[in-house]
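Heads up, the thing below is written out as structure tokens.
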Amino acid sequence: MGGSVAGLLTAHVLADHAERVTVLERDHYEDAPGPRAGVPQSRHTHVLLTSGMNALDELLPGLLTELAEAGAPRLAVPGDLGVWQAGQWISRRHPSAPIMTPSRPLLEHRVRRRVLAGPRIDVRTGTEATGLLGRPGRVTGVVVRQRGAAHHTRQDLTADLVVDATGRTGRTPQWLAGLGGRSPAEEVVDTGRAYATCVFHADDPAGDLRGFYIVPDAGQPFGAIVLPAEGDRWLVTLSGPRDEAPPTDPEGFTGFADRLPHPAVHKWLSTARPVTRPVGYRHTANRRRRYDRLGRDHTGLLVVGDALCALNPVYGQGLSVAALSAVALKRELAGGRVPPVHALQRAVLRSSRPAWDVATGADSPMPGAAGNAVRGGPVARLLDRYLARVRDRVPGDPVVCTANRDVLFLLAPPRTLLTSPRVLRRALLTTAVPTPRDLPTP
């Protein structure tokens with residue numbers, strides 16, 4: 001259920017172990033890349049982190065080359081970006097790691113074309129799942145109907161395994177309850193952050209820069225992501241705290257950038273030409289559903305993507321987590337044996353844990369953060385104080401910057417910031433090295 005990136009990559013992996021994989025997608029696919037109604041994020045800025053690039057290359061060799069040939073930019077971070085954190089610019093001389101910044105429609109189109117070429121994969125577009133078949137603890141299929149058709153046109157599809165890749169708004173918890181079973185427990189951290197994205201034509205920023213990333217934090221709640229995309233376009237995402245959402249008119253959107261802690265983005269936007277109207281988005285809660293705790297005897301259902309672990313999109317982890325989860329599923333299925341669904345679910349959830357820890361760790365100290373997974377208490381406050389010292393040293397210290405970047409890019413678990421002797425020594429025993437307030441040079 002769900003034919004976006006997470007669902008497609010999962011179908012690709014399962015096709016090596018199944019006679020037939022059927023993808024059910026509510027929308028109708030277009031021949032060319034373009035935003036889809038069923039993917040609200042399709043008009044917003046997206047990033048493939050280094051970890052996501054590595055995972056996609058393992059799953060679909062050659063895809064990164066296809067994206068580059070279609071115009072998807074490849075950048076080095078922090079070498080190509082003006083990254084503002086902890087009140088200063090991060091030195092661009094620190095060691096860099098690559099990212100790619102294709103638009104979501106281009107990436108999904110190329111993934112879809114590769115995956116659906118598989119001989120064991122079918123797709124049914126314009127098809128909406130309306131419920132599950134089975135009994136408590138055992139899912140045996142789905143109830144579907146064609147979009148726009150009456151409910152009495154329902155069709156029952158049986159399956160050995162049902163995969164839920166329907167995203168944040170998926171209704172699987174309610175459907176499980178409707179079968180008489182248990183719904184999964186939910187863990188939530190919600191800051192109420194809102195953002196908006198607008199597409200621009202513009203000259204490159206000054207200083208040989210290829211974009212900006214203004215990092216929000218508890219003391220400075222406004223953020224910006226400015227990145228190039230294919231087609232000589234720039235995607236600009238501005239974010240603000242609860243009740244301070246960026247406007248969705250071009251003039252107000254540009255004016256909102258004046259609230260950022262450095263004028264560089266606003267100055268650049270003031271000379272850019274909007275191609276579209278800004279599009280807003282407010283569903284930024286981190287939400288993890290613990291299907292892994294339903295019990296070993298819970299069979300027939302695997303949940304992936306945002307339906308399992310939805311992250312605050314402002315951290316740019318979603319596409320990479322989808323690819324990493326598919327790799328985790330692939331490795332769990334390797335070896336010729338068929339593991340129980342419970343083991344597959346644990347593997348997929350485990351692959352998303354570093355991203356969950358990064359996103360909820362950043363959001364928990366934000367003013368107004370709410371939810372049952374907000375980190376609090378003496379230990380959390382002590383950890384926040386230590387991580388603040390780490391962040392203060394990122395701009396001027398190449399060792400701390402590299403370790404922090406590897407965590408943010410999902411190349412290393414967050415605990416490495418606590419266990420690395422080199423990071424500990426610099427965070428606790430050295431003074432932060434300030435960087436110039438002017439735009440950073442290469």
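Laboratory data are not the source of any read-out in this text; all were calculated from the coordinates shown. What you see is a predicted model; the values in this text were computed from it and never measured. Cβ coordinates were reconstructed from backbone atoms using ideal geometry, including for glycine residues, and neighbour counts include every protein chain displayed.
Taking a ≥ b ≥ c as the square roots of the eigenvalues of the Cα gyration tensor, the stretch 117-264 is prolate, since a/c reaches 1.5 or more and a/b is larger than b/c. Taking the Cα centre of the stretch 1-118 as origin and assigning +1 to Lys and Arg Cβ atoms and -1 to Asp and Glu Cβ atoms, the resulting dipole is close to 360 debye.
Estimated at 0.36 nm per residue, the fully extended path between L428 and T441 surpasses their Cα-Cα distance by 1.9 nm. Note on L411/R120: beta-carbon distance plugged into 1/(1 + (r/R0)^6) with R0 of 35 Å gives a FRET efficiency of 0.60. Considering helices alone, the calculated mean residue ellipticity of the chain at 222 nm is -9500 deg cm²/dmol, with DSSP H runs of length four and up weighted by -39500 (n - 2.57) and normalised per residue.
Spin-label model, R282 to R93: label points 7 Å out along the Cα-to-beta-carbon direction sit 4.7 nm apart.
Legend: P(r) of the stretch 294-403 from all alpha carbon pair distances, 10 Å bins from 0, whole percents, reading 12, 32, 31, 18, 6, 0.
Near V303: Cβ cut-off under 13 Å, other residues only, Lys/Arg at +1 and Asp/Glu at -1. The net charge is +4.
Working note: Cα atoms of the chain, range along each principal axis, descending, whole Å: 63, 48, 41. Given a Förster distance of 51 angstrom, what is the FRET efficiency for A70 paired with D297, based on the Cβ-Cβ distance and rounded to 0.05? The computed FRET efficiency comes out at 0.65.
Each peptide in 126-133, 420-427 was scored by the mean count of other Cβ atoms within 10 Å over its residues; highest first, the order is 126-133, 420-427. Here the Karplus curve 6.51 cos²θ - 1.76 cosθ + 1.60, taken at θ = phi - 60°, turns the phi angles of the stretch 273-286 into couplings of 10, x, 9, 10, 7, x, 10, x, 8, 10, 8, 10, 5, 7 Hz, with x standing for Gly and Pro.
From most to least packed by mean Cβ count within 10 Å, the peptides 376-387, 186-197, 238-249 give 186-197, 238-249, 376-387. Of all DSSP-defined beta bridges confined to the chain, some 80% are antiparallel rather than parallel. The label-point distance for L382 and R113, in a model that sets each label 7 Å from Cα toward Cβ, rounds to 5.5 nm. For the stretch 193-281, a Kirkwood radius taken over Cα pairs fed into Stokes-Einstein (20 °C, viscosity 1.002 mPa s) yields D = 167 µm²/s. Mind running the shape call on the stretch 1-111? Use the C-alpha gyration tensor, a ≥ b ≥ c as the square roots of the eigenvalues: rounded below 1.5 for a/c, prolate if a/b tops b/c, oblate otherwise. Judged from the Cα gyration tensor, the stretch 1-111 comes out prolate (a/c at least 1.5, a/b above b/c).
Here the relative contact order of the chain, from alpha carbon pairs under 8 Å that lie six or more residues apart, stands at 20 percent. Are there any trypsin sites (Lys or Arg not before Pro) in the stretch 386-420 that are in a DSSP loop and have at most 13 other Cβ atoms within 10 Å? List them by number. Passing both the DSSP loop test and the Cβ count: R415.
Could you tell me which of rounded, prolate or oblate describes the stretch 127-202, using a ≥ b ≥ c as the square roots of the eigenvalues of the alpha-carbon gyration tensor, with rounded for a/c under 1.5 and, failing that, prolate when a/b is larger than b/c and oblate otherwise? Oblate is the answer for the stretch 127-202, as a/c is 1.5 or above yet b/c matches or exceeds a/b. Taking the charge dipole of the chain about its Cα centre, with +1 at Lys and Arg Cβ atoms and -1 at Asp and Glu Cβ atoms, the residue from V115, L344, P246 reaching farthest to the positive side is L344.
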